[in-house]
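Here the structure is laid out as structure tokens; the discussion comes afterwards.
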């Protein structure tokens, strides 16, 4: 009689119980990590795993902190994989703001080691015909979440990737599936299966047409940089979509004065390294940790000062 540890069973095969499967997966993972890395010498074709799962599941949602949703999501992950190391990225994405989530996911995910599983849930379309997806990056990270464009920036920045729709019932919560809590019932269990070693290919069919957000691209026009505000952070700093390297393309160096137009207000501000390079309350422009241009006031709110927020137009050029 044949036994199967992972994947679907064939006629005549017996399935090893889930607890035993989890122990076997962990043992196989330890063997691979401790003695099998030399066998992985070349990047695989797109859609196959470059690194084994590293045990980390990182969460990003708009759930907030006051309700039971985060706890239930974590419980669902641990039910599928008791050895998962669950990390919170943020649960304070503004409600339903998929665009904000897409950038926040990339800004955090790029700091994690290969083999991390990310769960990103900002899902105003839950319960509709929108699909549940897993994205696998070329480096072997996985991103689990709704098919609403939330992975647009990650996909763009991480390069070639593959998508699958989560249709495998074994990757979902046992029992009824709620129409309004796919975080607990689909995304969490799927992440647990991935982090405990189930193959990406078991999730479901390949998806060739995932939803992608239409994100604005900053551009250089003559002596001007034209972009927009992506979001204002909790300090009121304005994160723009302008890559820091665009200032180099105009030959603008640290210490130069810029004309800064945001929304309907235009001011001058220095291009500096950090907030403390200007007096308290003064405007500054700098290359943020995200590698994008940020407009801020030292210890004050640029969002309030300019009356600006997400999608507000931004124009930068040398000062008058």
Residue 89 fails exactly one of the following numbered conditions: (1) in contact with a strand residue (DSSP E or B) (Cβ under 8 Å, 6 or more places away or on another chain); (2) assigned to a helix (DSSP H, G or I); (3) closer than 26 Å to residue 241 by Cα. What is the number of that condition? (2)
Taking residue 102 as the residue in question, decide whether it is farther than 22 Å from residue 310 by Cα and touching a helix residue (DSSP H, G or I) at 6+ places or on another chain (Cβ under 7 Å). no
Please go through segment 119-141 and give me each residue that is assigned to a loop (DSSP other than H, G, I, E, B) and closer than 15 Å to residue 58 by Cα, ordered by number. 122, 140, 141
Going by the structure shown, is residue 95 in contact (Cβ under 8 Å) with a residue 12 or more places away in the chain, loosely packed, with under 14 Cβ neighbours inside 10 Å, part of a loop (DSSP other than H, G, I, E, B) and not assigned by TED's automatic domain parsing to the domain that holds residue 232? yes
Any idea which of 83, 9 is under 18 Å from residue 144 (Cβ atoms), assigned to a loop (DSSP other than H, G, I, E, B) and either at pLDDT 95 or above or outside the structural domain of residue 183 (by TED's automatic domain parsing) (or both)? 83
When residue 69 is evaluated against the numbered criteria (1) closer than 19 Å to residue 181 by Cβ; (2) under 18 Å from the mean Cα position of the chain (by Cα); (3) buried (at least 17 other Cβ atoms within 10 Å of the Cβ), which criterion, by number, is the only one it fails? (2)
Where in segment 228-309 are the strands (runs of 3 or more DSSP E), entirely inside, with at least 3 residues that are touching a residue at least 24 places away in the same chain (Cβ under 8 Å) and not assigned by TED's automatic domain parsing to the domain that holds residue 91? 238-243, 257-262, 265-270, 292-297
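The values are calculated or read from the model by the stated rules, or taken from the named source; none is laboratory data. All figures in this text were calculated on a predicted structure; none of them were measured in a lab. In this analysis, Cβ positions are derived from the backbone assuming ideal geometry, glycine residues included, and neighbour counts consider all displayed protein chains.
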